[in-house]
Amino acid sequence: MAKIDLTINTDLARKILAGFIRSEIQRVGLQRAVVGVSGGVDSALSCFLAVEALGPQNVLAVRMPYRTSSPDSLEHAQLVIDALGVQSVTIPITEMVDPLIARDPQMSEVRRGNIMARARMIVLYDQSEAFKGLVVGTGNKTEILLGYTTLYGDSACALNPIGDLYKTQVRQLAQAVGVPEPILTKAPTADLWQGQTDEGELGFTYAEVDKLLYLLVDQRYSPQDCVEAGFAPDFVQKVVERMRRNHFKRVLPPIAKLTNRTVGYDFLYLRDWGT
């Protein structure tokens, strides 16, 4: 197996990402951020970075439990809130999602989970308007590449400070910024149904797939190159196919081109053009 080092310079990453949050939010004339805090390491890191960028008084942490959510998730989210001294609100989503779920008693766990994720998006964007702050994303590079996310659910945000960090790198930076230990050591889970874990659902560990993704994406290895580097052929194929199949989640919806100045194709001025 090829030696793959995913170690990052945490001091530099911390400085860059806090600056990114500050500049992107101030660019649109705002000073505040809203973060959905789930009790997991990704949202904890995003919240810590937002506070570093804007100060605790300008960050709203939102807890959004469902009736089957693990009590640990609420408790761990509260650890983040207490550690940072941010403003916070808890808005249960049970009464939002249960009427829709009740329409189909045979609904799969995936459908239920997607409904929960999109209900949380509604809550976050409502709080974004009420708090006058932008929604800060909490999805990491591994999830984005694999499509392990709900479109217009947990993937919805105005800016994402951790989307270029693999899961193993998120853990490195989270430890460096002081995310509480119980969050660092817990098994990753979206907490969408009882007993659900990310790695159990994916069928492989983040440690395994991060190394493969690094070769495929950052080092531009071909699938065959990855096999020759020591990865199992079926594992490589599974990951490559998953990346290909979920590409639509990583881009804005394609627009059919009819004119010479199509948004997203030819009309490509910088978002801060004219400022």
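The values are calculated or read from the model by the stated rules, or taken from the named source; none is laboratory data. As the structure is a prediction and not an experimental result, all values here were calculated from the model. Reconstructed Cβ throughout: ideal geometry from the backbone, glycine too, with neighbour counts over all protein chains shown.
Out of the residues in the stretch 119-157 that are part of a helix (DSSP H, G or I) and touching a strand residue (DSSP E or B) at 6+ places or on another chain (Cβ under 7 Å), state the one that is surrounded by the most Cβ atoms within 10 Å (Cβ to Cβ).
First, pick out the residues of the stretch 119-157 that are part of a helix (DSSP H, G or I): 119-131, 141-146.
In the following step, the residues that additionally are touching a strand residue (DSSP E or B) at 6+ places or on another chain (Cβ under 7 Å) were identified as 120, 123-125, 127-128, 131.
Details: Arg120: 25, Val123: 19, Leu124: 22, Tyr125: 16, Gln127: 20, Ser128: 21, Phe131: 19.
Among those residues, the one meeting the criterion is Arg120.
Return the residues of the stretch 64-117 that are farther than 23 Å from Leu45 by Cβ and charged (D, E, K, R); say none if nothing qualifies.
Arg67, Glu95, Asp98, Arg103, Asp104, Glu109, Arg111, Arg112
Can you tell me which residue within the stretch 218-235, out of those that are over 21 Å from Gln169 (Cα atoms) and touching a residue at least 24 places away in the same chain (Cβ under 8 Å), is nearest to the chain's Cα centre (by Cα)? First the steps, then the outcome.
At the first step, the residues of the stretch 218-235 found to be over 21 Å from Gln169 (Cα atoms) are 222-225, 227-230, 232-235.
So of that shortlist, the ones also touching a residue at least 24 places away in the same chain (Cβ under 8 Å) come out as 229-230, 235.
Working: Ala229: 29, Gly230: 29, Phe235: 23 Å.
Across the stretch 218-235, the extreme among qualifying residues is Phe235.
Out of the stretch 121-155, which residues are of a type in the set (A, V, I, L, M, F, W, C) and touching a residue at least 60 places away in the same chain (Cβ under 8 Å)? Give the steps one after another, and end with the answer.
Applying the first criterion (of a type in the set (A, V, I, L, M, F, W, C)) to the stretch 121-155 yields 121-124, 130-131, 134-136, 144-146, 151.
Matches in the stretch 121-155: Val123, Leu124, Phe131, Leu134, Val135, Val136, Ile144, Leu145, Leu146, Leu151.
Just to check your reading of the model, which residue among Val209, Val135 is more than 18 Å from Val59 (Cβ to Cβ) and hydrophobic (A, V, I, L, M, F, W, C)?
Details: Val135 fails: more than 18 Å from Val59 (Cβ to Cβ).
The conditions single out Val209.
Can you tell me how many residues in the stretch 61-78 are assigned to a loop (DSSP other than H, G, I, E, B) and touching a residue at least 40 places away in the same chain (Cβ under 8 Å)?
As a first pass, look at the stretch 61-78 and keep what is assigned to a loop (DSSP other than H, G, I, E, B): 64-70.
Those left that are additionally touching a residue at least 40 places away in the same chain (Cβ under 8 Å): 64, 66, 68-70.
Going through the stretch 61-78 one residue at a time, the tally reaches 5.
Can you name the number of the only condition in (1) at pLDDT below 95; (2) under 19 Å from the mean Cα position of the chain (by Cα) that Arg120 fails?
With respect to (1) at pLDDT below 95; (2) under 19 Å from the mean Cα position of the chain (by Cα), Arg120 is out only on (1).
How many residues does the stretch 61-92 hold that are touching a Lys or Arg at 6+ places or on another chain (Cβ under 7 Å) and aliphatic (A, V, I, L, M)?
Counting residues in the stretch 61-92 that are touching a Lys or Arg at 6+ places or on another chain (Cβ under 7 Å) and aliphatic (A, V, I, L, M) gives 3.
Quick one: in the stretch 73-113, of everything that is among the small types (Gly, Ala, Ser) and within 16 Å of Ser38 (Cβ to Cβ), which residue is surrounded by the fewest Cβ atoms within 10 Å (Cβ to Cβ)? Working first, answer last.
To start, the set of residues in the stretch 73-113 that are among the small types (Gly, Ala, Ser) comprises 73, 77, 83, 85, 88, 102, 108, 113.
If we keep only those that are within 16 Å of Ser38 (Cβ to Cβ) too, we end up with 73, 77, 83, 88, 113.
Numbers: Ser73: 21, Ala77: 26, Ala83: 17, Ser88: 19, Gly113: 20.
Step by step, filter the stretch 73-113, then rank; the result is Ala83.
Sort out which residues of the stretch 224-237 are part of a helix (DSSP H, G or I) and crowded, with 17+ Cβ neighbours inside 10 Å, and write them in order of number. Please lay out each step first, then the result.
First, pick out the residues of the stretch 224-237 that are part of a helix (DSSP H, G or I): 224-228, 233-237.
Scanning the stretch 224-237 gives Cys226, Val236.
Here is a list: Thr10, Thr94. Which entry is in contact with a Leu (Cβ under 8 Å, 6 or more places away or on another chain), of a type in the set (Ser, Thr, Tyr) and at pLDDT 95 or above?
Numbers: Thr94 fails: in contact with a Leu (Cβ under 8 Å, 6 or more places away or on another chain).
It is Thr10.
Any chance the stretch 135-157 includes a residue that's of a type in the set (Phe, Trp, Tyr) and farther than 24 Å from Lys249 by Cα?
Within the stretch 135-157, the first condition is being of a type in the set (Phe, Trp, Tyr), and the residues that meet it are 148, 152.
If we keep only those that are farther than 24 Å from Lys249 by Cα as well, we get none.
No, there is no match, as no residue in the stretch 135-157 is of a type in the set (Phe, Trp, Tyr) and farther than 24 Å from Lys249 by Cα.
Mind telling me which of the residues Arg14, Arg27, Arg111 ends up being out of contact with any Phe, Trp or Tyr (no Cβ under 7 Å at 6 or more places or on another chain) and within 23 Å of Leu151 (Cβ to Cβ)? Give the derivation first.
Values: Arg14 fails: within 23 Å of Leu151 (Cβ to Cβ); Arg27 fails: within 23 Å of Leu151 (Cβ to Cβ).
Just one listed residue meets the conditions, Arg111.
Based on this model, can you work out whether Asp104 counts as part of a helix (DSSP H, G or I), without any contact (Cβ under 8 Å) to a residue 24 or more places away in the chain, closer than 21 Å to Tyr66 by Cβ and of a type in the set (Asp, Glu)? Reasoning before the result, please.
Details: part of a helix (DSSP H, G or I): no; without any contact (Cβ under 8 Å) to a residue 24 or more places away in the chain: yes; closer than 21 Å to Tyr66 by Cβ: yes; of a type in the set (Asp, Glu): yes.
So Asp104 does not fit the description; no.
Identify, from the list Asp164, Asp198, Asp210, Asp225, the residue that is touching a helix residue (DSSP H, G or I) at 6+ places or on another chain (Cβ under 8 Å) and either within 19 Å of Glu109 (Cα to Cα) or at pLDDT below 85 (or both).
Asp198
If you go through the stretch 206-217 one residue at a time, do you hit one that is under 21 Å from Asp5 (Cα atoms), over 17 Å from the mean Cα position of the chain (by Cα) and not in a helix (DSSP H, G or I)?
Checked the stretch 206-217: no residue is under 21 Å from Asp5 (Cα atoms), over 17 Å from the mean Cα position of the chain (by Cα) and not in a helix (DSSP H, G or I).
Could you tell me how many of the residues in the stretch 1-51 are among the small types (Gly, Ala, Ser), part of a loop (DSSP other than H, G, I, E, B) and crowded, with 20+ Cβ neighbours inside 10 Å? Break it down into steps so the answer makes sense when it comes.
Start the filter on the stretch 1-51 by keeping residues that are among the small types (Gly, Ala, Ser), which leaves 2, 13, 18-19, 23, 29, 33, 36, 38-40, 43-44, 46, 50.
Imposing the further condition that a residue be part of a loop (DSSP other than H, G, I, E, B) reduces the set to 2, 29, 38-40.
If we keep only those that are crowded, with 20+ Cβ neighbours inside 10 Å too, we end up with 38-40.
Summing the residues that are among the small types (Gly, Ala, Ser), part of a loop (DSSP other than H, G, I, E, B) and crowded, with 20+ Cβ neighbours inside 10 Å in the stretch 1-51 gives 3.
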